[in-house]
Amino acid sequence: MESRKEIRLSDIAPQVISAIEELKGTYGGFEVHPSLQAQMGQVTSVLKELTDRLDDNFPYFHPHYAGQMLKPPHPVAMAAYIATMMINPNNHSIDGGKATTMLERELVKDLATMFGYPAEHLGHLTWSGTTANLEALWVSREINPGGSIAHSKDSHYTHTRMGEVLNVATIGIETDSQGRMRLDDLETKLKTGKIGTVVVTVGTTGLGAVDPLADIIPLARNYGARVHVDTAYGGFFTLIADNHLDPETARHYRAIADSDSVVVDPHKHGLQPYGCGAVLFRDVSVGRFYKHDSPYTYFASEDLHFGEIQLECSRAGASAAALWATLKVFPLTEAGLGQVLLGGRRAAVAWHDLIADSEYLTPLQRPELDILAYLPRFDDMSTLDWASHEIFERSAKTDRSNQIHLATYVMKPDGFAKRGIRLTENAESARIMRSVLMKPEQEHWIPDLHSHVESLAKQLIEEKK
Ligand SMILES: *Cc1c(COP(=O)(O)O)cnc(C)c1O
């Protein structure tokens, strides 16, 4: 077997660019209109200006960037995207995107299989997790009109916003000491009979907490509510849940199979460029809600077009091509894409254990996925807030090869109290540190990251003495 090695975009882009140019040439050459011509010197200087300006970014691609949910796509995704973009198909209709519609059907089937959805299901890619959630909540509103949307107080902030868009009331459910939806509070609110849909977050954006889905499903059903799973961030952890996450967490991952709808973002943990979310429905009959009547659509073929079962109209065929190609190389198995997630998961556990033993840092809680929250050891909220911000600033304020980029996370007093962290309450909130460890390389950088952050915490603690 051929051995594996690092794949660089510069090695594979020429292959696809020349293949597509050749393909175009088979239709016969033509001259580009003068309006589209430009001076090469100007183009190269504009592109030079662009690449210079891009220097003003944090190094999202580097293991030293351990802040927000950011990383570049895999070169395979980039090459497939570039190739397809050169033709620019639109997956709104088969006529607009013949090959890419077929590619999207194949990959949606793979996503459905990953979640344990039935062979008969409805699903498609979207531009984002937000639009994917909007679509699922819109379908829910049509099925349970008048019912409100319940979501945990730690769920993504767009759920309340989408509730406003849909003119559906939203209600926040309390979270427990690990940031998971509390069943007792959910039940109290279900008892009012007003809830039509429960949004269950499997992997919160803030802390990667997994709501107790397996227990929420029977509870919600008991009160006639639908269950929508927002696993935009955490969805691909399904691949490693059974063997590498806590058994309780794995039990909730398995329950995704019984949900009514589910959202996952390939542009987060699926190695894709932005513009790639996905929504799946268990029941194909929800297709009845997608009405369209426009004189300019072009559903020429008899087959189902994605435009007939999606909220949005135009959608990049290149997104489908990029994800399809990526999943051919990194299939939806533990040995495939699962290994990418496992690297970050191991990094989070390893760093948590180092922090738990540290004199100067303490973890907020055990990470459930690959997001780690921790704080320098201070006794009051105001100093903690100051110190977290100082760590954030100082860790990045050095020469490029030594910079560490972190993120902060705002906590209210009850967030500390319910985790047994006692702090003098001399501020309304306090920032702590948060690191999303989504690059598998980071599993080898933890000692380095830890020693940088710990020495800063030590320095600040000594400054305050
Ligand atoms: C990121 C995220 C969203 C929003 O998705 P976008 O793709 O950023 O629009 C929604 N829910 C969860 C849990 C997320 O992590």
request  = Specify the residue that is farthest from Leu437 (Cα to Cα); the eligible residues are those in the stretch 218-277 that are in contact with a helix residue (DSSP H, G or I) (Cβ under 6 Å, 6 or more places away or on another chain) and among the polar types (S, T, N, Q).
outcome  = Ser261
request  = Go through the residues of the stretch 210-218 one by one and say whether even a single one is without any contact (Cβ under 8 Å) to a residue 24 or more places away in the chain, more than 16 Å from the ligand (Cβ to nearest atom), touching a strand residue (DSSP E or B) at 6+ places or on another chain (Cβ under 9 Å) and outside the structural domain of Met411 (by TED's automatic domain parsing).
outcome  = no
task = Provide a single number: the residues in the stretch 35-58 that are assigned to a helix (DSSP H, G or I) and surrounded by fewer than 10 Cβ atoms within 10 Å (Cβ to Cβ).
result = 9
remark   = If you go through His151, His159, the only one that is part of a helix (DSSP H, G or I), within 15 Å of the ligand (Cβ to nearest atom) and within 18 Å of the chain's Cα centre (by Cα) is His159
inquiry  = Quick check on my filter: what residues within the stretch 118-148 are more than 13 Å from the ligand (Cβ to nearest atom) and of a type in the set (A, V, I, L, M, F, W, C)?
reply    = Ala119, Leu122, Trp138, Val139, Ile143
ask   = So is Arg422 part of a loop (DSSP other than H, G, I, E, B) and either over 19 Å from Leu354 (Cβ atoms) or modelled with pLDDT under 95 (or both) or not?
value = yes
Close pairs (9 angstrom Cβ cut-off, 6 or more residues apart or separate chains): within 18 Å of Arg434 (Cβ to Cβ) and in the same structural domain as Gly415 (by TED's automatic domain parsing) in the stretch 375-400, outside any helix (DSSP H, G or I) and of a type in the set (Asp, Glu) anywhere = Arg377/Glu359; Met381/Glu425; Met381/Glu428
key: Test for Leu372: is it part of a strand (DSSP E or B), at pLDDT 95 or above and under 21 Å from His64 (Cβ atoms)   = yes
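Every residue, every condition in (1) within 16 Å of the ligand (Cβ to nearest atom); (2) in contact with a Leu (Cβ under 9 Å, 6 or more places away or on another chain); (3) not in a loop (DSSP other than H, G, I, E, B), yes or no:
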{"position": "Tyr60", "(1), (2), (3)": "yes, yes, no"}
{"position": "Met69", "(1), (2), (3)": "yes, no, no"}
{"position": "Ala83", "(1), (2), (3)": "no, no, yes"}
{"position": "Ser93", "(1), (2), (3)": "no, no, no"}
query = Restricting to the stretch 135-155, what's the tally of residues that are within 28 Å of Thr100 (Cβ to Cβ) and buried (at least 22 other Cβ atoms within 10 Å of the Cβ)?
reply = 4
note = Taking the stretch 219-233 and keeping residues within 13 Å of the ligand (Cβ to nearest atom), not in a loop (DSSP other than H, G, I, E, B) and not hydrophobic (A, V, I, L, M, F, W, C) leaves His228, Asp230
ask   = When the residues of the stretch 435-465 are filtered to those that are small (Gly, Ala, Ser) and surrounded by 14 or more Cβ atoms within 10 Å (Cβ to Cβ), which remaining residue is farthest from Tyr409 (Cα to Cα)?
value = Ala457
ask   = Inside the stretch 163-187, can you point out the residues that are part of a helix (DSSP H, G or I) and touching a residue at least 12 places away in the same chain (Cβ under 8 Å)?
value = Gly163, Val165, Leu166, Leu183, Asp185, Leu186, Glu187
ask   = Can you name the residue in the stretch 185-206 that is within 14 Å of the ligand (Cβ to nearest atom) and small (Gly, Ala, Ser) and, of all such residues, is farthest from the chain's Cα centre (by Cα)?
value = Gly206
ask   = How about the stretch 395-434: which of its residues are surrounded by fewer than 13 Cβ atoms within 10 Å (Cβ to Cβ) and more than 22 Å from Asp379 (Cα to Cα)?
value = Lys397, Thr398, Asp399, Arg400, Ser401, Asn402
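The values are calculated or read from the model by the stated rules, or taken from the named source; none is laboratory data. Source: prediction; values computed, not measured. Don't worry about glycine lacking a Cβ; one is built from the backbone with ideal geometry, like all the others, and counts go over all protein chains shown.
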